[in-house]
1. Which of the residues belonging to segment 522-551 are part of a loop (DSSP other than H, G, I, E, B), of a type in the set (Ser, Thr, Tyr) and either closer than 15 Å to Glu416 by Cβ or within 14 Å of the ligand (Cβ to nearest atom) (or both)?
2. Which ones in segment 664-718 are in contact with a strand residue (DSSP E or B) (Cβ under 6 Å, 6 or more places away or on another chain), free of Cβ contacts under 8 Å to residues at least 60 places away in the same chain and more than 13 Å from Leu735 (Cα to Cα)?
3. Just give me the residues in segment 552-561 being open to solvent by less than 10 Å² (accessible area, probe 1.4 Å) and more than 11 Å from the ligand (Cβ to nearest atom), in sequence order.
4. Please go through segment 75-95 and pick out each residue that is open to solvent by 50 Å² or more (accessible area, probe 1.4 Å) and modelled with pLDDT of 75 or more.
5. Find all pairs meeting these conditions: Cβ atoms under 6 angstrom apart; at least six residues apart or on different chains; first residue within segment 434-447 and farther than 21 Å from Gly378 by Cα; second residue open to solvent by 50 Å² or more (accessible area, probe 1.4 Å).
6. May I ask you to say which residue of Asp266, Asp244, Asp262 is open to solvent by less than 10 Å² (accessible area, probe 1.4 Å) and charged (D, E, K, R)?
7. Answer yes if at least one residue in segment 438-450 is more than 18 Å from Glu546 (Cα to Cα), within 24 Å of the chain's Cα centre (by Cα) and away from the ligand (no atom under 16 Å from the Cβ), and no otherwise.
Amino acid sequence: MRTTQRKTLPLGLLFAGSMLLAGRAAAQDVTTIPVETQHNAIVLQTDAEKHLNMVYLGAKLANTSEYSRIQKMYKQADDSGVQNDVYTPSGSASLGEPAITVTHADGNKSLNLTYVSHTVSKVDDDISLLVVTLKDPVYDFEVKLYYKTYFKEDVTEQWSVIKHNEKGVVTLNKYASANLNLKGNTTGGFWLKQYHGNWAMEVQPEEARLTHGIKTIDSKLGTRANLYEHSMFAISLDKPATEDEGKVFYGAMEWSGNFRVDFELDVANNLKIIAGINNAASEYHLKPGAEFTTPAFLYTYSDHGKGDASRKLQSWARKYKIVDGEGSRLTLLNNWESTYFDFNESKLAGLLKDTKKLGVDLFLLDDGWFGNSHPRNGDNAGLGDWQENKQKLPNGISSLVKEAQANGVKFGIWIEPEMVNPASDLYKAHPDWVIKQPNRPEKYFRNQLVLDLANPKVQDFVFGVVDNLFTKNPDLAYIKWDCNAVIYNAYSAYLKKDQSHIYVDYVNGLYNVLKRVRAKYPKVPLMLCSGGGGRVDYGALQYFTEFWPSDNTDPLERVFIQWEYSFFYPAITSSNHVTDWGKQPIKYRVDVAMMGKMGFDIVIGKLSENDLSFCQSALKNYDALKDVIWHGDQYRLASPWDNDAASIMYVNTDKSKAVMFNYLVNNRYGSGSKVPVRLKGLDPNKKYRVKEINLYPGTGSVLGNEDLTFTGDFLMNVGINPEASAYHTSVVLQLEAI
Ligand code: DGJ
């Protein structure tokens with residue numbers, strides 16, 4: 001390899017100057033492209049054959065001219081095809097797991113991609129876009145790699161745009177969003193933290209050292225894609241990173257359908273990460289001149305452990321991704337667990353009064369309000385027929401919205417517009433709108449089938465479900481969007497010969513609908529739900545204000561579930577409801593729900609006087625603290641996996657206010673907080689008054705009446721003992737600078 005340094009183009013420096021810069025490599029020159037954010041860098045570099053390689057991912061170097069010297073330090077290259085291509089093609093000289101596999105118009109399956117040029121543009125002070133163009137020297141085939149970097153947040157979104165001008169259709173057999181290479185420069189190897197789960201058991205973590213060969217995490221469920229696995233993961237370098245120490249890379253697909261992430265540890269101990277849409281049964285046919293744009297793969301990196309990486313992702317999500325991430329949210333009372341399908345107007349009138357009495361902002365009417373020829377009185381009928389059930393709601397939704405207003409609360413409603421029950425008018429009217437194999441028996445998931453969102457007419461229908469609700473009820477204030485089935489027997493009557501497009505076109509069809517919803521209703525709160533947390537990803541969340549982490553609302557389980565989601569998602573997105581699941585007292589249930597976007601799903605009338613008054617005063621405390629929880633920095637202080645009590649805190653930006661949640665998670669004899677828990681993120685020089693809040697009526701603070709004023713220095717070096725125990729199973733501490 002020649003080492004002539006023709007260009008070293010640090011994005012950070014370029015941004016300070018010109019808005020757009022293009023580079024073209026002359027013969028035998030080496031082009032080095034560092035992609036920098038505040039603390040990190042990725043370095044791309046051409047080799048003698050004009051292949052663009054990723055030679056570095058890690059902390060950014062002080063001296064940018066040294067980026068071009070990195071590759072020379074590695075003595076791993078040989079003729080075996082072990083390479084670090086920036087986007088690994090297949091069927092030519094790269095023999096690792098491919099990012100892209102194609103069948104050219106003439107049937108040939110080889111692809112070679114060489115560097116042609118790149119441009120850098122600055123979107124604003126924080127965001128920049130690098131576009132790298134790669135081409136096949138033999139075929140008229142091109143891939144553009146997009147790196148959208150968020151400088152302050154150290155976050156990158158990466159995607160690819162694929163195009164050709166061959167004399168016929170090219171089949172894309174695999175088409176990843178991103179291909180990253182981590183250099184094998186350590187003996188400790190790479191540690192993958194991944195998530196699996198099931199209904200009511202979402203986000204179960206596992207962490208293990210990657211061995212040589214390929215490890216894949218994927219989903220082939222079509223919809224409800226995260227039911228069993230998540231595309232979100234962490235890779236620690238050398239050893240598993242802790243909250244505050246260690247090098248760690250976080251990644252996740254922004255895609256709500258089938259995904260696939262390959263981790264290939266090669267013979268020279270380099271780790272290749274290839275993330276994208278799952279290509280299983282999904283070859284994509286691309287006409288000449290057409291573009292295929294992959295979804296984005298999102299990532300960040302930290303030299304300071306998992307806590308720092310999480311805070312980067314959380315603040316990026318609030319600022320740039322989720323709807324109204326820096327805004328406010330509504331507390332609510334939901335009726336799912338208190339009524340299931342069994343309600344009528346008079347029952348709802350009572351619940352609307354309860355909403356007011358409790359002191360939350362909104363009443364959310366769940367499943368069961370629709371269907372007439374096939375009333376939705378259970379989960380076996382009615383999906384698709386989005387007209388009010390005349391028996392249950394003779395005066396329609398509009399009268400409920402008015403009744404809510406008369407009670408001084410807002411009204412929201414549940415829908416599941418992507419789905420259909422065979423027992424419905426919709427199914428009979430439009431059998432061709434339903435995903436099912438023409439020649440095979442139907443297979444149901446929760447008695448239902450999925451509508452074919454690849455079909456624009458179905459997209460119009462689904463958009464219409466939302467639009468009609470808002471048009472008829474302009475004061476409707478909230479929608480819970482559910483999705484309870486996976487795709488069995490994938491077949492689209494609309495796609496005809498392009499059946500292998502179904503999984504991809506479905507998700508793009510869904511996004512088209514959500515884009516239309518957002519264009520017309522930009523800020524209305526939407527909850528993303530999928531039979532619990534079956535669809536939690538930033539591809540969907542860019543249209544939603546919050547998500548439903550799990551139907552499992554047992555607060556003990558929720559401590560773990562909410563803990564794990566927090567590695568990727570900010571508290572403001574996590575809808576946490578107080579329900580009757582679990583054996584914990586109301587205080588514990590409320591304290592756990594408070595660690596996010598709080599709601600209730602209990603029968604208010606059945607609460608004892610003390611329980612009700614506790615909930616009402618906890619809501620007042622929440623009101624005073626929600627800004628810190630929703631928009632502050634989160635610190636995971638004590639893990640529920642390793643301790644008798646879990647501790648989590650949130651601190652506001654100027655470090656003047658904080659809240660610390662502590663939950664006993666072990667019931668064995670003598671379990672509890674034995675040692676102080678060190679706080680984080682405070683100002684060492686400030687003095688903080690610590691006060692226990694959410695006290696159950698008639699009880700005093702577990703911390704007694706002594707002076708609870710400490711310096712930030714003390715709280716961060718010595719800590720505070722929250723005294724969680726069998727007698728005080730949850731303890732919430734508020735900190736205010738004085
Ligand atoms: C599944 C959701 O996760 C629940 O919260 C509830 O809305 C039901 N669907 C309704 O069918």
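The values are calculated or read from the model by the stated rules, or taken from the named source; none is laboratory data. Since we're looking at a predicted model, the values are computed, not measured. Counting neighbours? That spans all protein chains shown, and the Cβs are built from the backbone with ideal geometry, glycine included. Remember, those area values only see protein heavy atoms, side chains included, never the ligands or the DNA or RNA. Shrake-Rupley method; radii C 1.70, N 1.55, O 1.52, S 1.80 Å.
1. Hit for segment 522-551 is Ser550, nothing else.
2. Once the filter is applied, which keeps residues that are in contact with a strand residue (DSSP E or B) (Cβ under 6 Å, 6 or more places away or on another chain), free of Cβ contacts under 8 Å to residues at least 60 places away in the same chain and more than 13 Å from Leu735 (Cα to Cα), segment 664-718 yields Gly672, Ser673, Pro676, Val677, Ser701, Val702, Leu703.
3. Result: Pro555, Arg558, Val559, Ile561.
4. Residues satisfying the conditions are Lys75, Gln83, Gly91, Ala93, Leu95.
5. Lys436/Glu442; Gln437/Tyr491
6. Criteria check complete, one pass: Asp262.
7. no
This table checks each residue for (1) within 22 Å of Lys321 (Cα to Cα); (2) open to solvent by 20 Å² or more (accessible area, probe 1.4 Å); (3) under 17 Å from the mean Cα position of the chain (by Cα); (4) of a type in the set (Asp, Glu).
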residue: Val155; (1), (2), (3), (4): yes, no, yes, no
residue: Lys163; (1), (2), (3), (4): no, yes, no, no
residue: Val169; (1), (2), (3), (4): no, yes, no, no
residue: Trp191; (1), (2), (3), (4): no, yes, no, no
residue: His212; (1), (2), (3), (4): no, yes, no, no
residue: Tyr228; (1), (2), (3), (4): no, yes, yes, no
residue: Pro240; (1), (2), (3), (4): no, yes, no, no
